[in-house]
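In what follows, a single structure is set out as structure tokens and then discussed.
Just so it is clear, none of the values below were taken in a lab; they were calculated from the coordinates. These numbers come from a predicted model, not from an experiment. Here Cβ is always computed from backbone atoms with ideal geometry, including for glycine, and neighbour counts include all displayed protein chains.
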Amino acid sequence: MWDTAAALRRESLVVAVLCAVTDASTILLLCPAAGHSGWGPLALGLTVLADLALATPARFSGVVAAAHAALQVAGPAMLAGLGRYQGANETGLLVAGYRAGAWLGIREAVVVLAVLLVGALVGRVGFPPSEVGGDWRLVALHTLTTVVLPWLVGRNTTARRGHQAEVEQRETSRRIEERAAVRRAVAEERTAIARDLHDVISHHVSAIGVHAGAARLALGGPPGPVGRSLSAVETASRSAMADLRRMLDLLHHGDAATRQPGLDDLDDLVRVTRAAGLPTRLTTTGVAVDLPPSVDVALHRVAQEALTNALRHGGGEGAEVTLTRTDTEVVLTIANDLPPDAAPPGRRPAPAPPTRTGRATRAGRATAELDHPDAAPAHGGRADLAQVGSAAADPACPDRADTASAHGGRGVAATPAHGGTAAPPARAHRTPDEPDDVQVHRGLPGIRQRAALFGASVTCGPDGDRWVVRVTVPLEAR
């Protein structure tokens, strides 16, 4: 491998030796007696030493230049009367001036330049007669040639070297930034693809769980091999959904700039609801728990959807959001007043006993809701989404996003998975081609679907003179 530092040292030594040979030869040619008479040998020796000092490291450039400036004064004094040569170290002075300009900082370089100028001027003017000592113009030209010009060349070399290094550094930084930008773009594209895949795959996996739950409910009777297989499909689909949620959480981890609102933002949601004209109160109890970001965002969306329905179809007297945290579960409850024309709770029809036909009907409703997301059962009640993988397998709530009368829904049913019963309530309206147990809806199924993604249970329906939506998240189901 090429050793740059060693090569520079060798080059400096060659320059120093050449300067010593040149100056010594010049002195001996112009002052033949300098080798053996008077102060001549001392002047010759000092000149050689000063020139050889040019091989020292660059940090000694100022000291070496000062030595050459002193020799500019002492050399002519020692060589006076020995010949017509006055400058003892002209070649070394050129190189010393260059080194000072090239290797020293601007302040040190200026000081050294001043010292060199003084030495050169005193050496030329203080010891006449000489070829240049009697004419100040020749003295100025000689000083400019031997001191100022080499110093300026050194400064220019340093500036050019610094500029070149800066250009190379900018180019290197640009290449690094370009590579980093490419890596970021690739990572962002991969993240976007992964998120899209998550959305698509989670929909299909959720559909698999819903259909499996619907088929299991339609079978009825004690669980046989088919029922156990369907239960295994439901369990596998829920596990796959959990894995997909964890993957999405990793993709969103640290993405603070695009953070979606969660439970910590319920205050803002309540404030916005108040500004929209519905008096709303938020009550929080318990100690905050560490929920996965996907669950945190989904609970905020549930509260947002429920408050939107309260604004559209509630009585307008007010709403209350309650967030309860315990060691075993997180419960989000949104309650609002029913409209004045809502049916009183005492007029609810009595529940009917479960039958195989009823179970098949409910399974058919689940499939219909999955295939036609704008249609849903109208009975109210509770859906344990962890049992069937989706609320669509046993619709828990009537919708009230399109019909104000849904707040007065009269049915409260337990989930078939728990052996409960269900009875359809009276309908406020339906389309001519619509079955009695199906009404158009949009809002509450969204709540059920979001809750289904993280194994929560949803209860929604009238409670006295209020409409209550309650989402319960078991902490072990996170």
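Below, the figures for the structure above:
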quantity	calculated
Fully extended contour minus Cα-Cα distance, from Arg195 to Arg137, at 0.36 nm per residue	12.7 nm
Quarter of Cα convex hull surface for the stretch 150-224, i.e. mean projection, nm²	7.4 nm²
Principal axis dimensions, the stretch 259-323 - Cα atoms, whole angstrom, descending	35, 22, 16
The stretch 189-321: relative contact order as a whole-number percent, Cα under 8 Å and 6+ apart	23 percent
Under 5 Å, built H, 5+ apart or other chain: amide partners of Gly315	Asp337, Leu338
Among 449-458, 328-337, the order from most to least packed when residues are scored by Cβ within 10 Å on average	449-458, 328-337
By average C-beta atoms within 10 angstrom, highest first, the peptides 297-306, 317-326, 224-233	297-306, 317-326, 224-233
Note, ³J(HN,Hα) from phi for the stretch 327-332, Karplus 6.51, -1.76, 1.60, rounded to Hz, x at Gly and Pro	6, 10, 7, 10, 10, 10
Amide proton proximity set for Gly286, modelled H, under 5 Å, gap of 5+	Arg325
Order by protection proxy (mean Cβ within 10 Å, highest first), peptides 271-280, 56-65, 192-201	56-65, 271-280, 192-201
Spacing of the two label points (7 Å from each Cα toward its C-beta) at Glu166 and Ala275, in nm	4.9 nm
In sequence order, calculated HN-Hα J values of the stretch 294-300 (Karplus, 6.51, -1.76, 1.60; Hz; x Gly/Pro)	5, 5, 4, 5, 5, 5, 5
Full-stretch length increase - Glu317, Arg228 - with 0.36 nm per residue and alpha-carbon distance subtracted	27.1 nm
Against the rule of thumb 2.2 N^0.38 Å, how large the Cα Rg of the stretch 4-134 comes out	1.05
HN-Hα J in Hz across the stretch 304-313 - Karplus 6.51, -1.76, 1.60, θ = phi - 60°, x for Gly and Pro	5, 5, 5, 5, 5, 5, 5, 5, 7, 10
Order of Ser206, Ser37 under a 10 Å beta carbon neighbour criterion, fewest first	Ser37, Ser206
Sites Arg59 and Val182 - FRET efficiency at Förster radius 35 Å, r taken between beta-carbons, to 0.05	0.25
